[in-house]
Amino acid sequence: MSLSIGRFGPSLRTSWRIFSTALLLLSASLAHAGVIHGTVTDTTGATVRGATIVLKNGAKYVDKTVSAADGSFQFVTGQAGRFSLTITADTFRQLDPPAFYAGTSANVEKQLVMQPEWVHQSIVVTATGTPVPQPQTSVSTNVFTQLELAGRDDVVSVMRIQPGAVMAQLGQRGSQASLFIRGGDSNAAKILSDGVSADEMGGIFDFGNVSTTGIESVENYLGPNSSLYGADAASGVVSFATPHGVSSAPQLIFHGDLGNFRTARNQLELAGSRNKLDYYAGYSWLQSQNDLPMDRYHNGTSAANLGVQPSASLQLRGTVRYGVSAVGVPNAWNFYNIADDRKQSDQNLYIGGSIDYQMTPDFHNRVQYGAARKREQSEQWYPAGICVPVGTCDLPVGTYPAGNYYGEDVTIRGANHTQVVGQALMNYSTANYSIYPNRLELVTNRDELNYQGDFHFTPHLTGLIGFRFENERGFEREPVYFLDDTAERNNYDYLAEVHGDFKGRFFYTLGGSLQRYQIIGTQTSPRAGFSYYIVRPRPGYFNGTRLRFNFADAVREPTLADQAGSLYTFLQENGGQETIDQLHIPQLTAPTARTYEGGIEQGLLGERMIFRLNLFHNQFGRQIESVGAGLIPQLLPGLTPAEQQELEAFLNNNGAYSLAVNSQAFRAMGIETTVEGGIGRSIFLKGGYTYLDTVVQRSFSSDNEALLNGDAPTYNGIPVGIYSPLKGARPFRRPPHTGFISASYAGKSWTVISTMAFSSRSDDSTFLGYADLEQGNSLLLPNRNLDFGFAKIDFGGSYKVLSRLSIYGQAENLLNDQHIAPIGYPSLPFNFRLGLRVQVGKMGQ
C-alpha cells in the first residue's frame with residue numbers, strides 16, 4: 001500500500017500544525033501550572049513503591065496517585081491554596097505531614113518519610129540540625145508526642161519515661177525540678193523553646209513550672225552537642241515545639257478538669273489555617289493546694305504560633321510562650337515538720353521570629369531572632385520555727401547570746417539503718433542580723449540571632465553552616481543582705497557540619513563549632529558519628545541490625561552565681577587588680593564534657609519490635625565548685641610559696657570564706673537498654689533500663705579542706721560531704737539504676753496510657769551542716785544511698801462520647817510513694833484529675 005502525499009499532503013500538514021499548536025499550548029500550560037512532587041522513603045532512606053498519596057486543597061479532595069518504583073510521585077494542580085497530603089502503604093503507619101501553601105504556578109518538592117507500622121521512629125532535628133529519621137542518626141534521641149503529653153499538667157513525669165535521664169523534683173506539684181542526663185550536672189543541658197534558648201545564664205532550668213499547654217512534642221538529645229547548640233549543651237539538649245494550625249476551618253478546644261488537693265485546670269486552644277496563614281493559640285490556668293502547709297501552687301501559661309507562607313519557597317513564623325507561676329516553698333518538711341512561709345514566683349517569656357527561604361531546591365536558609373525574659377522572685381515574710389532558747393530571738397541586733405528558729409524534734413533515716421535525731425536550724429533570728437521579710441530576685445535577659453544554611457550536594461550528602469550571636473544580661477539581688485550581682489556577656493558561635501550516607505547503609509555526621517564567649521574565651525567543640533546497617537531491615541525474625549558510634553566535645557558557661565563568687569571577681573571587687581595582674585589569675589574557664597558512645601539496634605519479628613543497647617563514657621572536667629579560701633592558693637598553678645602566702649593573706653584580710661574555681665572532675669559511664677514494639681495498629685509497648693556508674697575523680701570543695709585539716713564532718717567515723725560529694729564518691733542525685741515501662745492503646749473511641757518509672761537509691765546530703773542545737777553536725781548522715789528508691793506508676797486515658805465531646809482522666813503515683821523526691825521532701829501522694837474535652841469547629845483538615 002502506498003500513500004500519495006500529493007493527495008493527502010495538505011490535510012496532514014494542517015493536522016500536524018493543529019497537533020503541534022496543541023502540544024505547545026499544553027506545554028505552556030503545564031509550565032505555569034502548580035506542581036507538587038517528591039519521593040516516598042522509609043526511615044532508612046530506602047524508596048517505598050506503591051504508596052498511595054492523596055492530595056487535598058483545604059478540605060476538598062484534589063487527586064490521588066501512587067509512588068513509582070523509585071518512590072517518586074507528582075501532582076499537577078493548576079490551583080492555589082493550602083494543600084495537605086495523606087500517605088498510606090502496607091506495613092507503614094499512615095503519614096499526615098504538615099499542610100503547606102502553594103500558588104497556581106508553584107513548584108513544591110516534598111520528601112516523605114514513612115515509619116514502620118509497629119514501632120515509633122520519629123523525625124528528629126537535634127541530632128543534625130535538619131530533620132532526619134532517627135535510624136539515620138548516630139546518637140540517642142527520644143521524642144514525646146501528644147500521646148504521652150495528653151492529660152499531664154506538666155512535663156516532669158513525662159521526662160522520666162526515657163533511658164539515661166533522671167528528674168529530681170524538690171517537693172510536690174510546681175516545685176523546682178532538675179534534669180540530669182547521663183550523669184551530667186543539672187545545668188549541663190541546653191533547653192530550647194521553638195529553637196530559642198530558654199535556660200538561664202549557665203544552663204540552669206526549672207522544669208517544675210513548665211506546663212504542657214502549647215507543647216506539641218518534646219525532643220531530648222542524650223549526649224554533648226555544643227557543636228550545634230553552643231555552650232551549655234554539655235550533657236544533652238531538650239527541645240519544646242509549639243503546635244501548628246492545620247485544619248482549614250477554625251477549631252476551638254476546651255479542656256476542664258478537677259482533682260483532689262483542690263486541683264483545677266482549664267485550657268482553651270484555637271487553631272486553624274487558611275491559604276497562606278496558619279495559627280495556634282492556647283491558654284491554661286492550673287491551681288492546687290498540694291499536700292503540705294504553705295504549698296499552694298498556680299500556673300498560667302499562654303502560647304501562640306503564627307505562620308505565613310507568601311510562596312512555596314518562603315515562610316515567616318512567629319512564636320511566643322509566656323508562663324506565670326507561684327508556689328509555696330515549705331522547705332524540707334521531713335527535717336522540720338514545720339513549713340516555711342516562703343513563696344517562689346516565676347515569669348518566663350520566650351519569643352521567636354524566623355524566616356525560612358528555599359533559595360533553590362537544594363539550598364535552604366533560615367534566620368531566627370529569639371528573646372528570653374526570665375524573672376524569679378523568692379520572698380519570705382517571717383522566720384518560721386521554734387525559738388531556742390525561748391524568748392531570745394527578738395532581742396536587739398547583735399545581742400549575745402541570741403537564739404534562732406528550729407524545727408520540731410525529728411528522726412531522719414538514711415541507708416543501712418542509719419539515723420539521727422534532733423532539731424534542725426530553720427531560720428536565723430533578727431537578733432542574729434537576719435531581716436524579715438526578705439526578697440531574692442534572679443533575672444536573665446537574652447537576645448539572640450541565628451543563621452543556618454543547609455545545602456544538598458547530592459541526595460546522599462548535606463552540608464550545614466551556621467552562626468549564632470547572643471547578648472545575655474542577668475542580675476541577682478537580695479537588698480536586705482546587700483547582694484547585687486550583675487553580668488553582661490556577648491557570645492558568638494560558628495558551626496559547620498556534613499551528614500549523609502553511602503548507599504543507604506552507612507550514615508555519618510562530621511562537624512564542629514568555634515565559640516567565642518566573653519567569659520570563657522575561645523573554645524572548639526568537634527563531633528563525629530556514624531551508624532551502619534550490618535543487616536538491612538527486611539521481613540523475618542531478625543530484620544535489621546545497626547551499629548552506632550558517636551564522639552563529641554562540649555563546654556558550659558559559668559552561671560551568674562559562679563561568676564559573682566569566683567576568685568577573679570572577688571579580687572576585682574576588693575581592690576585586688578594588682579594581684580590579678582601579678583599572679584596572672586584568670587576568670588573562670590569553661591567546664592568541659594567529652595563523650596564516647598556506641599551501641600547496637602536490632603529489629604525483630606518483621607519490624608514489630610526493636611531492641612537497643614547503648615554504652616557511653618562521659619568525662620566532665622574543670623567543673624566549678626566552691627572551695628575554701630585556705631585551699632585556693634595551693635590550687636593555682638605556678639605560684640611560688642611567697643606568692644601563695646601573699647594571696648592567702650589578701651583573702652584572709654578581706655574576709656573570703658569560699659570562692660568558685662574550676663577544681664572538680666568526674667566521670668559517668670553506663671549502659672542503656674530499650675525495647676519497644678506494637679501489637680496491631682493500636683497498642684504500643686516500651687520499656688528501658690539504665691545502669692549508671694559515676695565517680696568524683698577530683699574535688700577541692702570545703703568538705704575536702706576539712707578532711708585535709710583533720711576535722712572532717714563524720715557519722716560514726718564515716719566522712720560526710722555536707723554540700724558536695726567527696727572524692728571517690730558518686731555525684732549527688734544520680735542513681736545507678738533507673739528504668740521505665742509504658743503501654744498505650746489508641747483506638748477510635750478509647751485512648752489509654754500507663755507508665756511506670758523506677759529508681760534505685762542515690763547519694764545525697766541532708767545539707768544540715770552546723771545546723772543542730774549546738775551549731776554542730778549531728779544531723780548529717782552518710783552520703784551513700786541517702787535518697788530513697790521509688791516506683792512511680794501513672795495511668796491516664798480518654799473516651800470519645802460524641803464526635804466533639806470526650807471525657808478524660810489522669811491518675812498519678814498509684815502506689816502513693818512518698819519518696820520520689822530527694823530526702824527530706826515528701827512527694828505528692830496519689831492524685832487524680834477528671835475532666836471534659838469539648839471541640840467546636842470542623843473536624844480534620
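The values are calculated or read from the model by the stated rules, or taken from the named source; none is laboratory data. Everything quoted here is computed from the prediction, not taken from an experiment. Neighbour counts run over all protein chains shown; Cβ positions are idealised from the backbone, glycine included. Areas reflect the complete protein model, heavy atoms only, side chains present, ligands, DNA and RNA absent. Shrake-Rupley method; radii C 1.70, N 1.55, O 1.52, S 1.80 Å.
Here are the numbers for this structure:
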read-out: Whole-Hz ³J(HN,Hα) from phi, Karplus 6.51 cos²θ - 1.76 cosθ + 1.60, for the range 759-771, glycine and proline x; value: 8, 7, 5, 9, 6, 6, 9, 6, 6, 9, x, 6, 10
read-out: Derived scalar couplings ³J(HN,Hα) [the range 616-622; Karplus, 6.51 cos²θ - 1.76 cosθ + 1.60; whole Hz; x for Gly, Pro]; value: 9, 9, 10, 10, 10, x, 6
read-out: Gyration tensor (alpha-carbon) shape descriptor, the range 468-524, a/c threshold 1.5; value: prolate
read-out: Förster radius 25 Å - calculated FRET efficiency between residue 262 and residue 807, Cβ distance, rounded to 0.05; value: 0.75
read-out: Computed label-point distance, nm, for sites residue 379 and residue 760 using a 7 Å Cα→Cβ extension; value: 4.6
read-out: Surface share of carbon and sulfur [accessible, 1.4 angstrom probe, percent] for the range 500-637; value: 60
read-out: Relative counts (whole %) of C-alpha pair distances in the range 467-592, using bins that are 10 Å wide; value: 10, 26, 23, 16, 12, 8, 4, 0
read-out: Net charge, residue 54 excluded, C-beta distance under 12 Å - Lys, Arg +1, Asp, Glu -1; value: +1
read-out: Angle in degrees between helix 641-653 and the longest Cα principal axis of the chain, rounded to the nearest 10; value: 80
read-out: Relative contact order (%) - the range 551-704, alpha-carbon pairs under 8 angstrom, separation at least six; value: 24
read-out: Area of residue 294 that stays accessible when all protein chains are in place (1.4 Å probe, Å², to 10); value: 80
read-out: Charge dipole (debye, nearest 20) of the range 295-374; +1 at Cβ of Lys and Arg, -1 at Cβ of Asp and Glu; value: 140
read-out: Per residue, the convex hull volume that the Cα atoms of the range 248-402 enclose (Å³); value: 179
read-out: Helix-only [θ]222 nm of the chain, DSSP H runs n ≥ 4, -39500 (n - 2.57) each, per residue, nearest 500; value: -3000 deg cm²/dmol
read-out: Protection proxy ranking, peptides 476-486, 173-183, 71-81, average beta carbon neighbours within 10 Å, highest first; value: 173-183, 71-81, 476-486
read-out: Given charges at Cβ of Lys, Arg, Asp, Glu: the range 221-300 dipole, positive-most of 224, 240, 271; value: 271
read-out: Estimated FRET transfer efficiency when R0 is 35 angstrom, pair residue 596-residue 818 (beta carbons, to 0.05); value: 0.35
read-out: Accessible surface of the range 252-404 [probe 1.4 Å, protein heavy atoms]: carbon and sulfur percent; value: 61
read-out: Sum of side-chain charges, residue 800 neighbourhood, beta-carbon under 12 Å (Lys, Arg +1; Asp, Glu -1); value: +3
read-out: Eligible lysines near residue 792 by straight Cα distance, threshold 23 Å, same-chain separation 8 or greater; value: 686
read-out: Rounded to 5, percent antiparallel among DSSP beta bridges of the chain; value: 95
read-out: Taking only Cα atoms of the range 220-305, radius of gyration then Dmax in Å; value: 18.4, 53
read-out: Peptides ranked, highest mean first, by Cβ atoms within 10 Å: ranges 496-506, 759-769; value: 759-769, 496-506
read-out: Within the chain: Cβ-based charge dipole about Cα centre, in debye rounded to nearest 20 (Lys, Arg +1; Asp, Glu -1); value: 4600
read-out: Debye log10 I(q)/I(0) at q = 0.07 Å⁻¹ for the chain, Cα point scatterers; value: -0.59
read-out: With DNA, RNA and ligands ignored, accessible area of residue 795 (1.4 Å probe; Å², nearest 10); value: 100
read-out: Charge dipole (the chain, unit charges on Cβ, about Cα centre) - positive-most of 430, 301, 656; value: 301
read-out: Simple Cβ-charge dipole of the range 153-215, Lys/Arg +1 and Asp/Glu -1, about Cα centre, in debye nearest 20; value: 220
read-out: The chain - accessible surface per residue (Å², probe 1.4 Å); value: 43
